[in-house]
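> Dumping the structure here so I can ask a few things about it.
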Amino acid sequence: MDKIFSFTGAKKIVFGRGAFQKLPEHIGEFSASRPLIIMDKQLAATGLKEQVADLLKKSNVEGRFFDKVDPEPKLALADEGAKQALKAKCDLVVGIGGGSAMDVAKAIAVVVGNKGKAVDYLGLNKVPGPGLPKIMIPTTAGTGSEVTFTSVFVRPELKKKEGMNSPFLYPDLALLDPFLTVSLPPGPTASTGIDALCHAIESYTSINASPLSELISLEAIALISENLRTAVHDGTNIAAREKMLLGSLYAGLGLANAGVTAVHSLSYPLGGKFGIPHGLANTVLLPHVMNYNLPAAQEKFADIAAAMGEVVENIPLREAAGLAVEAVSVLIADCGVQTSLEDLGIKEEDFEELAKIALTVARPLANNPRPVTLEDAVAIYEDAF
């Protein structure tokens, strides 16, 4: 090994069936009594908001709710939530939901702790200090935001997404309960699950991967590929839901340490310009970016194929690597996810503008195993059309 590596994540991880019921106890560990609970609008309408309120009330915890999060959140939500937290003198933030709710929650926590505006902290290491303590509770097996140092927001005026990236965004506690994922419908289960697979594959093939991140990312690939079909088509199967949530957690740890690659750079303008959900955008692009990267990472793609159950022994390396792309494409089809940019309403004349925006999302491209030019990015969009 010719490089030093480190490994970081949420300060504490609690995982298991029924773990959510211990939320009041975990809030008490931070000597907090006035948490701000961040949720998205749809999740709040399912009855989970009332369930959380009842759980906290039984423990004499006075929670405040901020349930305005959209699927592709704008930066103003972080400032609005921080204003509410300051007014209510909240002393802890709890993010419950998918990646959007958790990203907003992490941003609110650091804005409250550092004053200023959310826009001040966009970029890498722009957050000057820790904010309020943060507990993240995922209700999807997808983003891994419960263990990452990133919050991503749509910037409509720039037609792209931008992120806060700072160690101060790492949650103090990631609380994962597979029971919270059981009610997720098949469509979102599929797109968030492929999003998690994307994180695992990108972090495994990143040029910044380490032996530890590779170990975790490869196990994430195996868990997701073995269990996503069941989770989509038999959503009450708690064993499959549990393994999917574990796979998503591992994938989140992988991306937090090795980073993501070109899929994310190319998908961000699809969300920023057209409002396409992040998981769906990644799903459409993943096989095509894999196909582009394959010549530069054949051994790793062969490993991915093996982790997905493909037989790679006694065949040429290039053929074994290609089986990874095929396995991902079949998994996406089996889960019934839209598989082309045309299906999403994107037009061919948009490709060059999308590619130009994608090239400004520099950090994932720097991790990619193969350089991406403007012409390459356009070609990938064309392949995905």
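The values are calculated or read from the model by the stated rules, or taken from the named source; none is laboratory data. It should be emphasised that the depicted structure is a prediction, and the values quoted were computed from it without experimental measurement. Here Cβ is always computed from backbone atoms with ideal geometry, including for glycine, and neighbour counts include all displayed protein chains.
> Check region 118-134 and report whether any residue there is basic (Lys, Arg), surrounded by 14 or more Cβ atoms within 10 Å (Cβ to Cβ), farther than 21 Å from Thr192 by Cα and within 19 Å of the chain's Cα centre (by Cα).
So far as region 118-134 goes, yes, one or more of its residues are basic (Lys, Arg), surrounded by 14 or more Cβ atoms within 10 Å (Cβ to Cβ), farther than 21 Å from Thr192 by Cα and within 19 Å of the chain's Cα centre (by Cα).
> Condition (residue is without any contact (Cβ under 8 Å) to a residue 12 or more places away in the chain and under 22 Å from Ala220 (Cβ atoms)) applied to region 327-343: is it met by at least one residue?
The answer is yes; a qualifying residue exists.
> Filter region 326-354 for residues that are outside any helix (DSSP H, G or I) and acidic (Asp, Glu); which is modelled with the lowest pLDDT?
In this case the residue turns out to be Asp343.
> Can you tell me which residue is nearest to Glu162 (Cα to Cα) among those in region 47-80 that are without any contact (Cβ under 8 Å) to a residue 40 or more places away in the chain and in a loop (DSSP other than H, G, I, E, B)?
Filtering region 47-80 for residues that are without any contact (Cβ under 8 Å) to a residue 40 or more places away in the chain and in a loop (DSSP other than H, G, I, E, B), the one nearest to Glu162 (Cα to Cα) comes out as Asp70.
> Which condition breaks for Ile357 when tested against (1) outside any helix (DSSP H, G or I); (2) surrounded by 14 or more Cβ atoms within 10 Å (Cβ to Cβ)?
Ile357 satisfies every listed condition except (1).
> If we scan region 98-117, do we find a residue that is surrounded by 23 or more Cβ atoms within 10 Å (Cβ to Cβ), within 30 Å of Phe274 (Cβ to Cβ) and among the basic types (Lys, Arg)?
Yes; the residues of region 98-117 include at least one that is surrounded by 23 or more Cβ atoms within 10 Å (Cβ to Cβ), within 30 Å of Phe274 (Cβ to Cβ) and among the basic types (Lys, Arg).
> Whether any residue in region 4-11 is in contact with a helix residue (DSSP H, G or I) (Cβ under 6 Å, 6 or more places away or on another chain), basic (Lys, Arg), closer than 30 Å to Pro277 by Cα and in contact (Cβ under 8 Å) with a residue 24 or more places away in the chain is what I want to check.
No, the conditions are met nowhere in region 4-11.
> Do we find a residue being assigned by TED's automatic domain parsing to the domain that holds Ala231, in a helix (DSSP H, G or I), modelled with pLDDT of 95 or more and closer than 21 Å to Asn227 by Cα anywhere in region 370-380?
no
> While we're on this one: So for region 219-228 (the condition being in contact with a His (Cβ under 9 Å, 6 or more places away or on another chain) and either within 18 Å of Gly16 (Cα to Cα) or of a type in the set (A, V, I, L, M, F, W, C) (or both)), does at least one residue qualify?
Within region 219-228, one or more residues are in contact with a His (Cβ under 9 Å, 6 or more places away or on another chain) and either within 18 Å of Gly16 (Cα to Cα) or of a type in the set (A, V, I, L, M, F, W, C) (or both).
> Here is a list: Ala44, Ala32. Which entry is part of a helix (DSSP H, G or I) and touching an Asp or Glu at 6+ places or on another chain (Cβ under 6 Å)?
Of Ala44, Ala32, the one residue that is part of a helix (DSSP H, G or I) and touching an Asp or Glu at 6+ places or on another chain (Cβ under 6 Å) is Ala44.
> Testing Pro71 on (1) buried (at least 23 other Cβ atoms within 10 Å of the Cβ); (2) under 21 Å from Ser248 (Cα atoms), one condition comes back false. Which one is that?
Among (1) buried (at least 23 other Cβ atoms within 10 Å of the Cβ); (2) under 21 Å from Ser248 (Cα atoms), the lone unmet condition for Pro71 is (1).
> May I ask you to say which residue of Ala82, Ala76, Ala45, Ala53 is assigned by TED's automatic domain parsing to the domain that holds Pro171 and either at pLDDT 95 or above or surrounded by 16 or more Cβ atoms within 10 Å (Cβ to Cβ) (or both)?
Exactly one residue qualifies, and that residue is Ala82.
> Related question: Quick one: which of Glu219, Glu310 is among the acidic types (Asp, Glu) and either on the phi > 0 side of the Ramachandran plot or touching a residue at least 24 places away in the same chain (Cβ under 8 Å) (or both)?
Only one candidate passes the filter, namely Glu219.
> Search region 302-353 for residues being closer than 28 Å to Thr189 by Cα and charged (D, E, K, R), and hand back the single one that is surrounded by the most Cβ atoms within 10 Å (Cβ to Cβ).
Asp303
> Further question on the same structure: Can you say whether Tyr292 is within 16 Å of Asn367 (Cβ to Cβ), surrounded by fewer than 24 Cβ atoms within 10 Å (Cβ to Cβ), outside the structural domain of Pro73 (by TED's automatic domain parsing) and under 23 Å from the mean Cα position of the chain (by Cα), as far as the supplied structure shows?
The answer is yes for Tyr292.
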